[in-house]
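So the structure is just underneath, and the comments pick up after that.
Just so it is clear, none of the values below were taken in a lab; they were calculated from the coordinates. Fair warning: this is a prediction, and the values are worked out from it, not measured in the lab. So basically every Cβ, Gly included, is an ideal-geometry build from the backbone, and we count neighbours across all protein chains shown.
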Amino acid sequence: MEDDFQDAKEICHLDKGPVTCWNSWHRWSVITMVAYAFLAVTAALERAAQVGRNDPAEADLAPPSAATNFSACYGP
């Protein structure tokens, strides 16, 4: 779980939000976590599409790592 928060800080700038009260922090954290989830799902779908185009024996059913999420969205 801590790794996911660290990745969200790096990729979605979870720690850069305008925090003046509880409401603004809550809104910012929800928005960034939704963005991070979108990037993770998009990366997983892209990875599944690439595996589908290649040999099915190469299919890796493990969830993608944060590095894979980042590189799938932003390039190598």
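Calculated FRET efficiency, HIS13 to ALA44, Cβ-Cβ distance, R0 = 22 Å: about 0.55 to the nearest 0.05. Taking all Cα pairs closer than 8 Å and separated by 6 or more residues, the relative contact order of segment 1-50 comes to 32 percent. Each peptide in 26-32, 15-21, 40-46 was scored by the mean count of other Cβ atoms within 10 Å over its residues; highest first, the order is 40-46, 26-32, 15-21.
Straightening the chain between GLN6 and ASN23 buys 3.9 nm, computed as 0.36 nm per residue apart minus the Cα-Cα spacing.
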